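Structure, as structure tokens:
The values are calculated or read from the model by the stated rules, or taken from the named source; none is laboratory data. These numbers come from a predicted model, not from an experiment. Counting neighbours? That spans all protein chains shown, and the Cβs are built from the backbone with ideal geometry, glycine included.
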Amino acid sequence: MINYINRSYRPKKDEIVAEFYIEPNGISLEKAAAHVALESSIGTWTAVSTMSKRIANTLKPHVFEIKKNGEVKIAYPLDLFELGSIPQLLSSIAGNVFGMKILKKLRLQDISFPKKYVDSFKGPRHGINGIRKLTKIPKRPLCGTIVKPKLGLTAKEHAKVAYEAWTGGIDVVKDDENLTSMPFNHFKERIRETLKLRDKAEKETGEKKIYMPNVTAETIEMLDRADYVTQHGGEYIMVDIITVGWGALETLRNNTDRVIHAHRAEHAAFSRDPKHGISMNVIAKLSRLIGVDQLHIGTIFGKMQGGPLEVESLYREMEDYFIPQNGKAHVLEQKWYNIKPVLAVSSGGLHPGHTTKIVKALGKNVVLQYGGGCHGHPDGTKAGAIAIRQSVDATTKGIPLKTYAKTHPELKKALDLWTK
Ligand code: CAP
Ligand code: MG
């Protein structure tokens, strides 16, 4: 019988290390940890005659840490993984193990990748610096909106809402996560209409304006839609990375030069239970490896789950080149070598009253996105956009929002509505 437990084992530099939270179901934590190790690598429920010493000695992972609270660390030889393939990584480390009857709960907290594995990915094509150069916004946070209602507007109506937001001062306008090509709003018509008004808004404001159309679809169709955006002068595409799948995301990244905005709809189906599933930190790291340029990481203060510890460590994981181990946040040490930083996106239940505290908590390398917090303004979309931009300007100047609101009526109306 192969022994997978070795508490004195120290991971080799070129191994992949995973941290799990394990809740056994009627067996010891040690036995459960061994089963997680074998089921995610070379083993199965019983010994097999086809196993050999060569395989065991070269490919077996080592469980090197087992804490009473269920925290377990496993070091995996790199040859267990196909370089450059996220699907194969997850089929191993985050595949069958979640369904084993001998576990009550299992959560993949983080994965630390060695240089050879990191180097097998392209990472972001543009990253933070590329986005700042393209948008001509060298320092301040970017502000954006999501056209609302999520679905229902025609392509022309959609373009008009975007135009109102851009001329009010918003930098980036995105499609909502479930808006793709609808009977009432076909993708190609929306691209043509919205980019036309983007050009108009740029001329009127003298500012760079960005449209992020949602290309989410079957993979070949997605590539066609990205090409259509390119042909019509769009610089960005948006994609729902979880629902399209990791393989499709790698294909998209490798077949378009557009800036990729990554929406994470559906992540909470497996990321929000602290005792079961896959952490958002793992999702974020896989997204950075594959090469999205900006990624939703949460707001701390908005409508979606995700507290300061999670959101702030996600921000660091996306922005920095060296991530120290953070036991409290279940984040493993990670060097990012030549993988560019990803621009954080903070979105979900935000209004201008949140702007300063999010920038204070995270930093200025962030896209602040306001859906209801823009189009829900008492005086409509354009006033909402003006209020949002005023909140960003106040934050950048270090002026308290309430003070700034005294001389900026659109911001005052937003604060009166949403902070009283
Ligand atoms: C925000 C949003 C975004 C969420 C996604 C929505 O709209 O467009 O999809 O922010 O959540 O549909 O809810 P509101 P997350 O500003 O009107 O809330 O960023 O956590 O993935
Ligand atoms: Mg949305």
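Within the stretch 104-111, is even one residue of a type outside the set (A, V, I, L, M, F, W, C) and at positive phi? The answer is no, given that none of the residues of the stretch 104-111 is of a type outside the set (A, V, I, L, M, F, W, C) and at positive phi. Across the stretch 355-372, the number of residues qualifying as touching a strand residue (DSSP E or B) at 6+ places or on another chain (Cβ under 8 Å) and within 14 Å of ligand 1 (Cβ to nearest atom) comes to 9.
Restricted to the stretch 319-346, and to residues there that are buried (at least 24 other Cβ atoms within 10 Å of the Cβ) and small (Gly, Ala, Ser), the residue that is farthest from ligand 2 (Cβ to nearest atom) is Ala344. For the residues Ala394, Ala383, the requirement of being more than 16 Å from ligand 2 (Cβ to nearest atom), surrounded by 19 or more Cβ atoms within 10 Å (Cβ to Cβ), without any contact (Cβ under 8 Å) to a residue 40 or more places away in the chain and closer than 28 Å to Lys413 by Cβ singles out Ala394. Scanning the stretch 21-34 for residues that are touching a residue at least 40 places away in the same chain (Cβ under 8 Å) and either of a type in the set (S, T, N, Q) or in contact with a Gly (Cβ under 8 Å, 6 or more places away or on another chain) (or both) gives Tyr21, Ile22, Glu23, Asn25, Leu29.
Okay, residues lined up against (1) hydroxyl-bearing (Ser, Thr, Tyr); (2) crowded, with 23+ Cβ neighbours inside 10 Å; (3) within 16 Å of ligand 2 (Cβ to nearest atom); (4) not in a helix (DSSP H, G or I):
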residue	(1), (2), (3), (4)
Lys200	no, no, no, no
Tyr211	yes, yes, yes, yes
Thr216	yes, yes, yes, yes
Glu221	no, no, no, no
Tyr228	yes, no, no, no
Met238	no, yes, yes, yes
His261	no, yes, yes, yes
Leu286	no, no, no, no
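For the stretch 124-142, the criterion of being within 24 Å of Asp293 (Cβ to Cβ), in a loop (DSSP other than H, G, I, E, B) and within 14 Å of ligand 2 (Cβ to nearest atom) is met by none of the residues.
So, of the residues in the stretch 263-284 that are in a helix (DSSP H, G or I) and either more than 19 Å from Tyr315 (Cβ to Cβ) or of a type in the set (Ser, Thr, Tyr) (or both), which turns out to be farthest from ligand 2 (Cβ to nearest atom)? Only one residue fits best here, namely Phe270.
The residues of the stretch 110-123 that are part of a loop (DSSP other than H, G, I, E, B) and either of a type in the set (Phe, Trp, Tyr) or under 30 Å from Gly169 (Cα atoms) (or both), listed by number, are Phe113, Phe121.
Comparison of Ile283, Ile278 shows that the only residue that is more than 12 Å from the chain's Cα centre (by Cα), β-branched (Val, Ile, Thr) and either under 19 Å from Ser85 (Cα atoms) or at pLDDT 95 or above (or both) is Ile278.
To keep it simple, each residue is scored yes or no on (1) surrounded by fewer than 20 Cβ atoms within 10 Å (Cβ to Cβ); (2) within 16 Å of ligand 1 (Cβ to nearest atom).
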position	(1), (2)
Pro124	no, no
Gly127	no, no
Leu134	yes, no
Ile137	yes, no
Gly144	no, yes
Pro149	yes, yes
Lys156	yes, no
Ala159	no, no
Gly168	no, yes
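If the condition is being of a type outside the set (S, T, N, Q) and near ligand 1 (Cβ under 8 Å from one of its atoms), then the stretch 296-325 contributes His296, Ile297, Gly298, Gly302, Lys303, Met304, Gly306. Summed over the stretch 35-69, the residues that are more than 20 Å from Leu106 (Cβ to Cβ) and either aliphatic (A, V, I, L, M) or in contact with a Gly (Cβ under 9 Å, 6 or more places away or on another chain) (or both) give a count of 6.
Condition first: over 21 Å from Asn214 (Cα atoms), aromatic (Phe, Trp, Tyr) and in contact with a Gly (Cβ under 9 Å, 6 or more places away or on another chain). Can you find one or more residues in the stretch 162-185 that meet it? Checked the stretch 162-185: no residue is over 21 Å from Asn214 (Cα atoms), aromatic (Phe, Trp, Tyr) and in contact with a Gly (Cβ under 9 Å, 6 or more places away or on another chain). Taking the stretch 220-270 as the range and being within 16 Å of ligand 1 (Cβ to nearest atom), farther than 16 Å from Val292 by Cβ and touching a strand residue (DSSP E or B) at 6+ places or on another chain (Cβ under 7 Å) as the test, only Phe270 passes. In the condition set (1) within 22 Å of Pro138 (Cα to Cα); (2) among the small types (Gly, Ala, Ser); (3) not in a helix (DSSP H, G or I), Ala385 is compliant with all but (3).
Condition check for Thr256 on (1) polar (S, T, N, Q); (2) surrounded by fewer than 17 Cβ atoms within 10 Å (Cβ to Cβ); (3) not in a helix (DSSP H, G or I): one failure, at (2).
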